[in-house]
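The structure appears below as structure tokens.
The values are calculated or read from the model by the stated rules, or taken from the named source; none is laboratory data. Keep in mind that what you see is a predicted model, and the values were worked out from it rather than measured. Reconstructed Cβ throughout: ideal geometry from the backbone, glycine too, with neighbour counts over all protein chains shown.
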Amino acid sequence: MPVIKITKWDLERLLGKVLSIDEILDYLPRIKCEVDSISEEGEIEYEATHDRPDLYSVEGVARSLRSFLGLGENKYQLVDEGLKAYNTGVPGRPYIALAVVRDLDLDDEAVKQMMQLQEKLHMTYCRRRRKASIGVYDLDKIKPPLYYELADPDTKFTPLDESREMTLKEILTNTVRGKEYGHIIANWEKYPILRDSEGTILSMPPIINSEDTRVTVETKNVIIDATGIDPKTVIDMVTIMAYNIAERSRGKKIVFVEAIMPDNTVLKAPREKGVSIEIVPSKVNDVLGTGLDIEQMIELLKKFDYKITNSQKEQLIVTIPPYRVDVKSWIDVAEDIAMAYGYDTIGSTAYDLPKATHPGRIHPLEFLSRLLRKILVGMGFIEVVNYMMSNPEIQLRIFDMEDELITITNPKMEKYTSLRRWLVPGLLEIIDANKEKEAEIRIFEIGDVAIPDKSTDTGARIERRLGIAVSHRKATLTNGLAIVSTLMERLGLIPRYEKAVIKGLLPRRTAKICIDNIEIGYVGEIHPRVLLRIRHDKPVVVSEIILNKLLMVLRR
């Protein structure tokens, strides 16, 4: 999670309330900010969760605490002054969104927080500027409208923190930011720039801003831009920046800007309001284990700045704050209700639950998992543990599979964009990473997988599986059959094998594992075509067993 630094005095002046150290330690975790330290000088370090980028600066924390503590509403003045920008076409990063914040009252700490928010967003949601990049400029040094376009490499401007003009090509090779982020656009024939109507260059996205338009303590009005590969992301970034910076504005005045695309479509920012979500109070109570009525839920939601659109006995429609990008469905709203109510309060109700009728005991599936671990370790295998999250390339494409995956709506890493549907890809990754270290590799993993299933309430079926992989120069299906047979024998079972065809495995060297006419898994050799794609030069034999089905057999 990003580590954010703020000062106690700055938080207090934005909040309009003096806070004790104990209050800070109590309040911040209640809005998803885990306090790491508070120095004697009043510097606070906290970790903000990845799903709350609006808390990446002190302004977002002050706004959240204002609602949470009931110190007043968070009101903003959003106006349309007819401001426009023109996107003339930048194919590699085709989208731009902008907004203006007026009547600012800045000092060194305010500018510092603004830059911190920008950089933390760059490192997280913007994927180190690959997905999007953000710029903030002194509007009074600019003559609108703005133009987002491609420019020749010999185009010049003075980059931030430099004292002379440099060509775009020089900026990529001779500046710190150019060396760090230049690879994103290094192969382009022309480079993206943002300029005003008089030719003043504001920035070279996604690399660096201009020294001529730098924001200082004297700045009264700013214009914010975000450019990137996804329209939603650039609007999200501009919205978060605008609402946070507006906390430094006397009138909290935010001005819309329309970005005109090459096809004359318009991308307008910032977002004026969030989406509306329907809440069923009974479902929320079922999830939280509470007995809250609808009026109590309304009061709790106000602590997180929700607007109540409609309320009935069995239904509540709420509008999320525009700067919140983490709320996707009613379950996210339920989480905010739980935080507003207090997890400590919810936990205290556990004392009122009826007494247990029997002592706690291990779940049969966990018992079987532990038993299999002991057996496989005794057979000379090493247990590995992979993340349940993966991506389509590893899970499907290298095996020529076209199945579906449960995908993540807002992934934070390119490597983890979906949930795994089988264990073999993860085992292959570990074998490939260790191929130079061991002549023979014998590993196993026990873990859950998620398989899309429209017949379930959640749209996914969760299975506990055992995955086994062996790799050495002479590994064949025979080795796999021997391992599975030995394992089943230890459980008092006699397996039967039938021919099977599974994508990514050799057709004539793959078998499904059956016990009492129930198919519980498969065993086979990885196809050489797959091994070639991961540059592995030794045969690999794998087996995957569905423990839910194996448990069903054992219970008969």
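Here are some notes:
- Restricting region 504-551 to residues that are surrounded by fewer than 23 Cβ atoms within 10 Å (Cβ to Cβ), of a type in the set (Val, Ile, Thr) and within 35 Å of the chain's Cα centre (by Cα) leaves a set whose member that is nearest to LEU365 (Cα to Cα) is ILE546.
- Given (1) aromatic (Phe, Trp, Tyr); (2) touching a strand residue (DSSP E or B) at 6+ places or on another chain (Cβ under 6 Å); (3) assigned by TED's automatic domain parsing to the domain that holds MET114, number of the condition TYR243 does not satisfy: (2)
- Looking across region 233-254, the residues that are surrounded by fewer than 24 Cβ atoms within 10 Å (Cβ to Cβ), closer than 12 Å to LEU106 by Cβ and not acidic (Asp, Glu) come down to ARG248, SER249, ARG250.
- Of the helices (runs of 4 or more DSSP H) lying entirely inside region 1-108, the ones with 1 or more residues being closer than 30 Å to LEU146 by Cα and outside the structural domain of ILE142 (by TED's automatic domain parsing) are found at 58-68.
- Of the residues examined, ILE331 is one that is under 27 Å from THR407 (Cα atoms), at pLDDT 90 or above, in a helix (DSSP H, G or I) and not assigned by TED's automatic domain parsing to the domain that holds TYR56.
- Region 10-69: number of residues that are over 20 Å from ASP236 (Cα atoms), among the charged types (D, E, K, R) and within 21 Å of the chain's Cα centre (by Cα): 3
- Some residue of region 109-126 being of a type in the set (D, E, K, R) and part of a loop (DSSP other than H, G, I, E, B): no
- Yes/no for ILE298 being hydrophobic (A, V, I, L, M, F, W, C), under 28 Å from THR417 (Cα atoms) and surrounded by 14 or more Cβ atoms within 10 Å (Cβ to Cβ): no
- Answer from THR173, THR239 - the residue that is closer than 18 Å to PRO270 by Cβ and not in a strand (DSSP E or B): THR239
- Exclusive hit being in the same structural domain as ARG370 (by TED's automatic domain parsing) and crowded, with 19+ Cβ neighbours inside 10 Å, set ARG397, ARG496, ARG473, ARG420: ARG420
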